[in-house]
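Data block below; observations after.
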Amino acid sequence: MIQLNILKKLLLGGSFCMLCCLSVSAQTIDSTSTVVLENEPSKLESYLEEDINMGFVTTEKQGVVGSSSTVKPGDFLKFDTTQWVRDALGGRLTGLMGGNSIRGLGEALIVVDGIPGRNIDLLNMEEIEEITILKDANVSALYGSMARNGVIVVTTKRGSTQKQFNISASTGVRLPVSMPNYLNSADYMTYFNEARANDGLGEIYTAEQIQNHRSGANPYRYPNVDFHNSANFNPLTPFANVTADFSGGSENTKFYINLGFKSDGSFQSVNPENDKGAKRFNVRGNIDFRINDWITSSLDVVAIIDKNKTSLSNIYTQGDSIRPNLYSPLLPISEIDFSVNPGLRGIVDAANQYDGFLLGGNQVYNDGAIAKIFGGGYQTNMTRVSQVNNAIDFDLSAITKGLSAKSYVSFDFYNIYNLSVQNEYAVYQPTWSDNNKIIDLVNVKDNDLKGQVENVNTNVFAIRYGFYGLLNYERKFNENHSIDASLIGFANNTYVREEKQSAKNSHVALSLNYNYKKKIYGNFSGAYVNSVKLADGNRGKFAPTLGLAYVLSEESSLQESPWLDYFKIRSSVGVVYTDLGIQDYFLYDAIYEQDGGGYNWGDSNGSGYYNASTKILRGQNLGLDFEKRTDYTLGFEALMFKKVWLEANVFQSVMGEKVIRASTLYPDYYSSFRPYSNFNEDQYSGFEVGINYHTKTENSTLDIGARALYTKSKRTKVDEIYEDEYQNRKGTPVDAIWGLESLGLFGVDDFNEDGTLKGDLPTQYGTVKLGDIKYKNQNGDDVINDQDMVQIGLYGAPWSFGSDVTWSYKAFTLFALFTAEVGRDGILSGDYYRPQGDAKYSEVVEGRWTEATADTATFPRLSSIGNTNNFDKTSTYWLYSNDNFRIQRVQLTFDLPSQLVDKLKMKDINLFTSVSNLAEFSKNKDIRELQFGFNPMFRYFSFGARMKF
């Protein structure tokens, strides 16, 4: 009670240094400005009265006792028109890392219109009404075992009685942010000779050969192929988005329709006939209708078709491995000397020609990227999705006041398949004369033959169907006491063709809410979960949660506060039982096999009878149980000066009883008997803070949002035995990077005159030489091996930040979104950063060790053979900081004058221009922005319009 009185006095008459500083700086207004004092609730104030859709149920924001965050696209789409949902979420919601990880726990469950497991990437922002993230066990309890990592609830738009017609259209271009930079042929050959010399081997490229490749006099005989040359790609790739939605109806019937079209051009430009790019069409429609006085129903239909036509090869990907000097992928017909070999005329006339070229290669390399792109044919990747939902709502107040029920049935169909026409094609190996003319051609592949059949390959065919039933009782007693109780039964089944076991999920959940004068709130929620991955008799378990909240600002003594408009403290504790970490079915059962061996017995020669041997591969454990998440959360939310919204939470999530195959319970010779069991445990803890500031003057409006998340993890129980205690994973972060500690590169002082290591230096992985990586011997045993691995970094970022700023002045609005990560590390990997053997060399090898660069080298000595010591080990030598600050998006929006809009018989017209992935500030920006795979990282420039009729 004493603490409560102190808190009240502080809130009523005191101040808060951080908030005061923010308030003073944010409210600094030019003397010529006019402050508009509004009697109606402010933007932030009205937020408290809004209903938050939690998927199965809807709750008033003020009544949520758990930890959640909500965003409504309608509040920002006018000035931030991004259509990719994950892109819109990143940096905008407190507690969300990236686009789908809540508090660093991993990929969250996606719930779309009450249905768990749907793909958020199938949506466009224009069709979304609201997105809420459920962060703790209490607030996500209704989703049972699926809620292990939290829940992202997406609610799509529905119809209203007011007729609405909206169109949003944009177009633009994307350009690559960074491209790989590989060495040219001559430099590669020079460096490869050096690599062989380092290995004590002779050169394979002569100085004359290198000069021929360097001169470029005949690039077809002495190729210098740059697959990542700008000529192979579109410098500006076009894209376009168009969405339109319609809604209207009456009190008895309402409808909503959303139509969308998206087009993305192909980055690859070698064969535009085949590389057409991607096109996506989607339609969403729903209708809400009244059947009678106590029954209403709704029907939702969704259809999506995605089509992407490409060549049979991707040059951006394939170009990472093909060395520039190997062969010329195209041979010019103009360089063929028909006078020397007239028979070549018939070969050339019969061959497929590509703008005056034939496809080139050799016996080893006859199926390269260029050949496939020109001659191989094409493929069309198709994705078709259809969804149907039906809900029936029952008003059962005739039975008792406040009673209602709901049934919801849904069906999803997913079909992903590939259509391809595969041609046979000829690839020619040339013979060159002394005067650089082609005098012979040998076909090293197939004859030219156009494919006559369109091949169909189904990659995925899946059907998901689900049902939930809801019984709800909501009642208010004596104006002071309110209860809201919900009972939910949920079942979901996903069938994937060619998988024997369907993914099944079912549970029963209960939510009991109570509030006193909208001041004291309590919630008890729990789910009885079921799993077919566990043995009979052990497949069900009840997971309880409890949440409490106290709205201190409702106390009479605080209602007079001149600056505090709303203040709520909340706390929750709860458990989630889950089978998501159980990777397969029947893991509780023993497995035996007869592997073909056996035993002879029964006579003097031991060959009278034969018994096949049976051996055990895994032991039985019928007590294998659910994994368990235990949550503790304490937080508050406040509204101050009718302008500043502040929320903060401290949290701890313990992921325990993790399913493993323990290795320490039995001796090594009993390894095959080991069953799966519950043991390992990880702990995640931290805090999150979110603040929003809103102010308005006569001509301008300013909104600033800022969010910070700190999360750390620790492995608290680990099944492990290490000889050296410092290698124990217990007590270390879950996302720790383990590796060797580099001491730089070996120098002259580390070797004896005969080339052997000096006696006081530990033995490395294999034989080492000058310029190889030197590692720290952690345990002093004079041998460098895996026992010397220690924690060297973190894959995840302990600190995550996001901020958005929206400033409107008259008809213009400027928006910017920023994100940052601190404390995150990365490891350079792959042939681009660690080439060895005959791998293609990138620009990184220019910093290689040589005797002349021993003091400045940034890369070990080159090696033409496999080098386990340098390139196959994770170490601090390859570690880099992944900290970053990014300007994700900037958009400028202009509102057309109302007089012009009225003349056009429209309600609103906005023109906008935007840039996405605008800039990054990072110590290792060049590493972070270089992306491998199908495409590079892009920067997007767009302009468009939004119109309301």
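None of the figures in this text is laboratory data; all of them are computed from the coordinates on show. Given the structure is predicted, the values throughout are model-derived calculations rather than measurements. Cβ: placed from backbone, ideal geometry, glycine included. Neighbour counts: every protein chain shown.
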I'd like the per residue volume of the convex hull spanned by the Cα atoms of segment 164-306, given in cubic angstrom. 185 Å³
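Let me know the charge dipole size of segment 36-157 about its Cα centre in debye, to the nearest 20, where only the beta-carbon of Lys, Arg (+1) and Asp, Glu (-1) is charged. Don't jump to the answer; show the numbers that get you there.
Working: 11 positive and 18 negative charges, 112 e Å.
It comes to approximately 540 debye.
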What residue among Trp563, Ile616, Met189 has its Cα farthest toward the positive end of the dipole of the chain, where the charges are +1 on Lys, Arg and -1 on Asp, Glu, each on the Cβ? Trp563
Spin-label model distance (nm) - Asn181 vs Asp264, 7 Å beyond Cα toward Cβ: 2.7 nm
What do the square roots of 5 times the Cα gyration tensor eigenvalues come to for segment 169-247, in whole Å, largest first, as semi-axes of the equivalent ellipsoid? 46, 15, 7
In degrees rounded to 10, the 0-90 angle between helix 185-198 Cα long axis and the longest Cα principal axis of the chain is 80 degrees
How far apart, in nm, are two points set 7 Å out from the Cα along the Cα-to-Cβ line at Asp337 and at Asp719? 7.2 nm
In nm, the gap between the two label points placed 7 Å beyond Cα toward Cβ at Glu753 and Ser700 is 7.9 nm
Can you run phi through the Karplus equation (6.51, -1.76, 1.60; θ = phi - 60°) for segment 365-381 and list ³J(HN,Hα) in whole Hz, with x for Gly and Pro? 10, 10, 9, x, 4, 5, 4, 5, 5, 7, x, x, x, 8, 9, 10, 8
Dividing the mean separation of Cα pairs under 8 Å (6+ apart) by the residue count of the chain yields a relative contact order in percent of 11 percent
Between their Cα atoms, which of Lys78/Lys810; Lys517/Lys568; Lys72/Lys517; Lys568/Lys642 are more than 18 Å away from each other? Lys72/Lys517
Total formal charge among the other residues, if their Cβ is under 13 angstrom from that of Thr874, Lys/Arg +1 and Asp/Glu -1: -3
Taking only the Cα positions of segment 526-572, the convex hull volume per residue in Å³ is 80 Å³
Looking at Tyr514, Ala231, Gly117, which one has the Cα that reaches farthest to the positive end of the dipole of the chain (charges on Cβ: Lys, Arg +1; Asp, Glu -1)? Tyr514
Once you keep just the Cα pairs under 8 angstrom separated by 6 or more residues, what percentage relative contact order results for segment 36-157? 29 percent
To the nearest 10 degrees, the tilt of helix 17-26 (Cα long axis) against the first principal axis of the alpha carbons of the chain is 80 degrees
Sequence-distant or interchain residues sharing an amide H contact under 5 Å with Phe938, placed H: which? Val177
Amide N of segment 317-360 lying under 19 Å from the label point, which is placed 7 angstrom from the Cα of Trp432 along Cα→Cβ: 323-341, 357-360
Projected onto the charge dipole of the chain (+1 at Lys/Arg Cβ, -1 at Asp/Glu Cβ, origin at the Cα centre), which of Thr383, Phe949, Val302 gives the Cα projection farthest towards the positive end? Phe949
The Cα radius of gyration of segment 795-927, divided by 2.2 N^0.38 Å with N its residue count, comes to 1.73
For Asp883, enumerate residues with amide H under 5 Å from its amide H, sequence gap 5+ or separate chain, H modeled in the peptide plane. Gly823, Arg824
Relative to the compact-globule scaling 2.2 N^0.38 Å, provide the ratio for the alpha-carbon radius of gyration of segment 861-909. 2.98
More than 43 angstrom separation, counting every C-alpha pair in the chain; what % is that? 49 percent
Residues meeting the amide H criterion for Glu129 (H placed from the backbone, H to H distance under 5 Å, 5 or more places apart or on another chain) are Thr155, Thr156, Lys157
Among residues other than Tyr327 whose Cβ falls under 13 Å from its Cβ, what is the net charge (Lys/Arg +1, Asp/Glu -1)? +2
Restricted to segment 36-157, the DSSP antiparallel beta bridge percent, nearest 5, is 80 percent
Whole-Hz ³J(HN,Hα) from phi, Karplus 6.51 cos²θ - 1.76 cosθ + 1.60, for segment 267-278, glycine and proline x: 6, 6, 10, 4, 10, x, 5, 9, 8, 8, x, 10
When Lys and Arg each count +1 and Asp and Glu each count -1, what net charge do the other residues less than 9 Å away from Arg848, Cβ to Cβ, add up to? -1
Show me, for segment 471-481, the HN-Hα J-couplings you get by feeding each phi into the Karplus relation (A = 6.51, B = -1.76, C = 1.60, θ = phi - 60°), rounded to Hz, glycine and proline as x. 10, 10, 10, 10, 8, 10, 10, 6, 6, 10, 10
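Dividing the Cα radius of gyration by the Kirkwood radius, what Rg/Rh value follows for segment 410-524? Intermediate values should be presented prior to the final figure.
Values: Rg = 33.0 Å, Rh = 21.4 Å.
Ratio of gyration radius to Kirkwood radius: 1.54.
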The base-10 log of I(q)/I(0) that the Debye equation returns for segment 290-433 at q = 0.09 Å⁻¹, one scatterer per C-alpha, is -0.53
Taking the Cα centre of segment 412-502 as origin and charging only Cβ (+1 Lys, Arg; -1 Asp, Glu), how large is the dipole, in debye to the nearest 20? 280 debye
Straight-line reach from Lys840: which aspartates and glutamates have Cα under 13 Å away, leaving out those fewer than 8 places along the same chain? Asp187, Asp226, Asp320, Asp831
Among 50-61, 609-620, what's the highest-first ranking by average C-beta atoms within 10 angstrom per residue? 50-61, 609-620
What does a probe at Leu828 reach in segment 834-851, counting residues whose amide N is under 12 Å from the point 7 Å along Cα→Cβ? 834-835, 842-849
Rg to Rh for segment 705-830: what is it, with Cα atoms only and Rh by Kirkwood? 1.23
Anchor Lys476: aspartates and glutamates whose Cα lies under 15 Å away (excluding residues fewer than 8 positions away in-chain): Glu60, Asp484
With just the Cα atoms of segment 498-580, tell me how far they stretch along each of the three principal axes, in Å, largest first. 66, 26, 15
Given Cβ point charges of +1 (Lys, Arg) and -1 (Asp, Glu) and nothing else, what value in debye, to the nearest 20, does the dipole of the chain about its Cα centre take? 3020 debye
Descending principal axes extents, segment 36-157, alpha-carbon based, whole Å: 48, 31, 25
